[in-house]
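Following this message is one structure expressed as structure tokens.
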């Protein structure tokens, strides 16, 4: 399957892009993260400490162990600092 | 001594005036209220239920048993309803 | 002492401009949060012609200043505004406002609620509702006095 | 369902007019209380050139709408407004506002605090402080996440 993956704030800066389409067989978010980390150092650096990374699936907050079945958009970002 | 006595809201309406100078020997607020009540029915009616009457001495909230020594302005009014 | 908080107390028959009032509090590099509360004349039962607000000139300004100073001692505030109208107001008219400015949102929110709670039972205002053919003084609510105990 | 509350959600690079926004909520005979909160860019350590606010278009609007609906289900509100800016802001600039309208002050105050608490840790905005020669993403505070537990 192909999912759109979005990166925000310092994740976007470390990875060097804000958006990419990824073709993957990953079953869960964690599997997708592992796959990205194994690709290139900049992903490994960005995802080094997953306690500071949040994930949204199709624009709803989710978690690392969530399934990617049927998901079209995955977003990674640090804890929010709005307001 | 002579004190200025002020009445507000329904106390003003029942007594029929908002302000008067009263020459009195009353030692406390309660004494002054008794003196006013004995004067005329409209005062007796206004002060019939003192649980619904508040008093300020020289523009500071006070109480019925407070002394009038040195006081220049006494105000009677119902519980406040601002805001 | 109220620290360095700027206090603005206004008792007036005139309407006020909430945006302009809030802008006054938005000054200085360290004000991160401004909270405002505006109270309006409600027509609760239908048929309200107008509301008359009586106050105690002199004591009103003193009481409002004391309440603002109390808030400014308790929280770190850069500014406090209290405006309260008196006279004859129509349904929907603004009655009063408070505004607080602080570095952080919690101080600004808490101080604004504190001001409202104290103002309700410590500032000498009395409301009268006038309908077609009758009028009635608004009763104080027990909950207003009780809400002071949380501070 | 959010009852009959009117929700207004705006995500924009533009400044907003607090007075005009508050006036929108002052409608209907039964709105007695309007509370507003405005957040501004603070120059905490001195030397802030500007603040950049990034957001997640699409999710932002969804998250803010959900937060507003949540508040409108929980309290009796006639209106809720949330406006949040993104892009480049200078020290002292307004960042965002929330406003709530209700019959009584307690509902309006509580709903406004609830909106702020949820917005801080559930709406996808990220702030970056840019000073002369460096820039740093603002860290989320543990207290922001913890403040949700009171609701």
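Considering only the range D:1-125, what is the antiparallel percent among its DSSP beta bridges, to the nearest 5? All intermediate terms of the calculation are to be shown ahead of the outcome.
Numbers: 19 of 26 bridges.
In the range D:1-125, approximately 75 percent of DSSP beta bridges are antiparallel ones.
Follow-up. Compute the distance in nm between two label points, each set 7 Å from the Cα along the Cα-to-Cβ direction, one at residue C:30 and one at residue A:73.
4.2
Let me have the 222 nm mean residue ellipticity of the protein assembly as shown computed from DSSP H runs of 4+ only, each contributing -39500 (n - 2.57), with the sum over all residues rounded to the nearest 500. All intermediate terms of the calculation are to be shown ahead of the outcome.
On the way: 14 runs with 142 residues, N = 468.
Rounded to the nearest 500, the figure is -9000 deg cm²/dmol.
If packing is taken as the average number of other Cβ atoms within 10 Å across a peptide's residues, how do A:46-52, C:117-123, C:98-104 rank, most packed first?
Highest to lowest by the protection proxy: C:98-104, C:117-123, A:46-52.
So, one more: Considering only the label points, 7 Å along Cα→Cβ from Cα, what distances in nm to one decimal separate residue D:130 from the same position in each other copy, shortest first?
Nearest first, the other copies' label points are 5.8 nm away.
Output the antiparallel fraction of DSSP beta bridges having both residues in the protein assembly as shown, as a percent to the nearest 5. Before the final figure, lay out each step's value.
On the way: 91 of 113 bridges.
So the antiparallel bridges in the protein assembly as shown amount to around 80 percent.
Another question about this same structure. Axis carrying A onto B: which residue of A has the nearest Cβ, and how far, whole Å?
A:83, 14
Just the number, please: percent antiparallel of the DSSP beta bridges in chain A, rounded to the nearest 5. Before the final figure, lay out the partial values.
Working: 13 of 17 bridges.
If we restrict to bridges inside chain A, about 75 percent are antiparallel.
Sorted from shortest, what are the nm distances separating the label point of residue C:52 from equivalent points in the other copies, each placed 7 Å from Cα along Cα to C-beta?
Nearest to farthest, the other copies are at 6.3 nm.
Which residue in C is nearest the C/D rotation axis when you measure from the C-beta atom, and what is the distance in Å?
C:19, 1
Provide a whole-number value for the mean count of partner chain Cβ atoms within 10 Å of the Cβ atoms in peptide C:132-138. It would help to have the intermediate numbers written out before the result.
Working: counts 0, 0, 0, 1, 1, 6, 5.
Rounded to a whole number, the mean comes out at 2.
What nm distances, shortest first, do you get from the label point of residue C:15 to those in the other copies when the point sits 7 angstrom along Cα to Cβ?
Those separations, rounded to one decimal, come out as 2.4 nm.
Counting only Cα atoms, I'd like the Rg/Rh figure for the range C:20-151, Kirkwood definition for Rh.
Radius of gyration relative to Kirkwood radius: 1.01.
Compute the orientation-averaged projected area for the protein assembly as shown from the convex hull of its Cα atoms and round it to one decimal in nm².
On the way: hull surface 101.9 nm².
Across all orientations, the protein assembly as shown yields a mean hull projection of 25.5 nm².
According to a simple spin-label model (label point 7 Å from Cα along Cα-to-Cβ), what is the distance in nm between residue C:142 and residue A:48?
Each label point lies 7 Å from its Cα, and together they span 6.3 nm.
Along Cα→Cβ, 7 Å out, is where each label goes; now give me the distance between the ones at residue C:149 and residue C:65 in nm to one decimal.
3.2
Here, each number is a calculation from the coordinates, and none is a lab measurement. No experiment lies behind these values; they were computed from the predicted model shown. So basically every Cβ, Gly included, is an ideal-geometry build from the backbone, and we count neighbours across all protein chains shown.
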